[in-house]
Structure formats: C-alpha cells, structure tokens
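One structure is given below, encoded as structure tokens.
The values are calculated or read from the model by the stated rules, or taken from the named source; none is laboratory data. What you see is a predicted model, and the numbers here were worked out from it, not measured in a lab. Here the Cβ is made from the backbone with ideal geometry for all residues, glycine too, and neighbour counts use every protein chain on show. To get the accessible areas, we keep the full protein, side chains included, count just its heavy atoms, and leave off ligands, DNA and RNA. Shrake-Rupley method; radii C 1.70, N 1.55, O 1.52, S 1.80 Å.
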Amino acid sequence: MSVSKKIRRVTTRSIHEMYTAGEKISCLTAYDYTMARLLDEAGVDILLVGDSLSNVIQGNETTLPVTLDEMIYHTKAVVRGVHRAMVITDLPFMSYQNTVEEAFRNAGNVMKTTGAGGVKLEGGEKCAEVIHKISIEGIPVMGHIGLLPQSIHQYGGYQPRGTTDEEAERILKDARAIQDAGAFSVVLEKIPAKLAKRITAELSIPTIGIGAGVHCSGQILVVFDMLGLTEDFNPRFVRRYANLAEEMRKAFTNYVSDVKTGAFPNEQESY
Ligand code: KIV
C-alpha cells in the first residue's frame, strides 16, 4: 500500500515519509470550503491556500494586492473542509519582507487563527533568516524559488527562470539556503526540468514542481487552471483535467432559459 493511503492526517512527518519512500506528493491550491472538501476526499496530500487567489478569486492582475487578513479568511474556510490534507497558507506580499519579527508575527497569526499546518513564502537566500526564525519556532515553512510572482514587476514577465547557467546556479544556491534554514519542502516554479532534477537530487527535502518537469518530488497546479476555468491562461505546464468553464456556461445558460420560459421550477421542485 502506498504511504499516502495509510496516512490519516498529512503532516510534515508524513510528507517526509512519502518523500523517503519515493512516493510523489500531490498538491493543488484551494480557496474555499466546498472545493477543499472535494480535494480532500480525492486524496490530495497538500492544499495550498495560494496568494494566486488574488488572481483567480479577486480578479487582480498580480498576486501583490491580496492581504494577510484575506489569506486568513480563505484559509479558515479551507481548513473547515479538510480531514486529511495538510493545509499551507501563502504569506502574501509585504507580510514577511520587512523584518524577521514582523514575518514571524504574521506567520504565527496565520497558525493561531486558521488551523493551517504551515506557511509558504517566496524567495531564496535572502529569506533564509526569516525561514530559520519561523521554522525554529515550530511553524513548518515551504519555500518557493524560480519564478516568483510577488516579484513580477522586477522581472517584467512570467518567462521561465534558470535558463542561463548563472541563473541556474543562483537558484540552486537558493534551494540549498532554504533547506539549511529549516524549510520542510520547496516549490520550484517554471524552471527547466533538468535544473529541477539537479535540485531534487541534491536536496534532502521534497521539491514541489509547477512547470518544473517530472523529476520533482511532487507537483502542484492552481486548481482553477487544471479544472479549465481560467480559459485565457494557457501556459504549457497546465494540464486541463476538465473543461468546467464550458460546463458552467452551459448550466447557467440553461438556467436563464428555464427561468425565462417558466420551465423552472416544476411541481416537484415546489411546495
Ligand atoms: O499562489 C499559488 O497558487 C502558488 C502556486 C502556484 C505554487 O504559489
């Protein structure tokens, strides 16, 4: 039996067990109770309350506007829907960059008020001190390197990272720094599969890939992308497991038509 099938509640310990057994770790984002229930029932190991909610829930162009209070609000809803999965909350832009003390206070606030199992933050070597402080105080930290959506204005686009030797070496250095600082896992976003393979082979914590190829210890996607709800967003790393936008449009159109014609509600649907 796979390690994950035996797990009643996913923790950093069980993630490490899956990792050492060579079992891939499945992760998806979640932002609300109903979706979290379905994801949990399906056996997804980690639910990330990603700051991508700024894009897919709030309709912002970038992840920068979402606030810590909004992340906490959504995390509480997700946690209520989960029995088994580990819930990780993204620390949003400007909640951990200022001082180590502020970062720890904000991470602690997430843990104290939501029931999440840990936090994620973007950045490598420069975040080592913050990761060390948060994790040494008992809060599991997931790192995030490669493409960093919170720094999008610095790069000016969402192109893959680590495509030059120099940048690849820097990302590898970042991965080591995150591990040494105490992170229990690290997201590798949009980097060449070859580089992700090298990082995964070198680290002794799991790597979770998004657009980073098959050699990572696990995979993550934004749930709205894999469900086919974000039709205008088509990077090659997104596999559509459903076409819900089409399904939903059909359902809404049929509903409007039924209301207009009086076909809804019928006698059985009335009291
Ligand atoms: O915010 C998010 O959804 C993420 C994942 C894409 C890793 O950070």
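Some points to look at:
- Over 24 Å (Cα to Cα) - which of 24/194; 6/190; 24/190 fall in this group: 6/190
- Euclidean distance between Cα centres, region 5-31 to region 212-271, Å: 27 Å
- Region 169-271: relative contact order as a whole-number percent, Cα under 8 Å and 6+ apart: 16 percent
- When only the Cβ of Lys, Arg, Asp and Glu is charged (+1, +1, -1, -1), the dipole of the chain relative to its Cα centre reaches about 780 debye.
- Cβ-based net charge around residue 31, under 15 Å, with every Lys or Arg adding one and every Asp or Glu removing one: -3
- Average accessible surface area per residue within the chain, 1.4 Å rolling probe, Å²: 52 Å²
- In region 111-177, Cα pairs under 8 Å separated by at least six residues give a relative contact order of 35 percent.
- Looking at the chain, the DSSP beta bridges with both ends there are about 5 percent antiparallel.
- Only helices enter this figure: runs of n ≥ 4 DSSP H residues, each worth -39500 (n - 2.57), summed and divided by the residues of the chain, yield -12500 deg cm²/dmol at 222 nm to the nearest 500.
- Surface composition of the chain: carbon plus sulfur atoms contribute 53% of the solvent-accessible area (1.4 Å probe, protein chains only, all chains present).
- Over the chain, relative contact order from alpha-carbon pairs under 8 Å, at least 6 apart, %: 15 percent
- Loop sites in region 212-255: chymotrypsin sites (Phe, Trp or Tyr not before Pro), DSSP, at most 14 other Cβ within 10 Å: 233, 241
- Neighbour net charge for residue 97 - beta-carbon separation under 15 angstrom, K R +1, D E -1: -3
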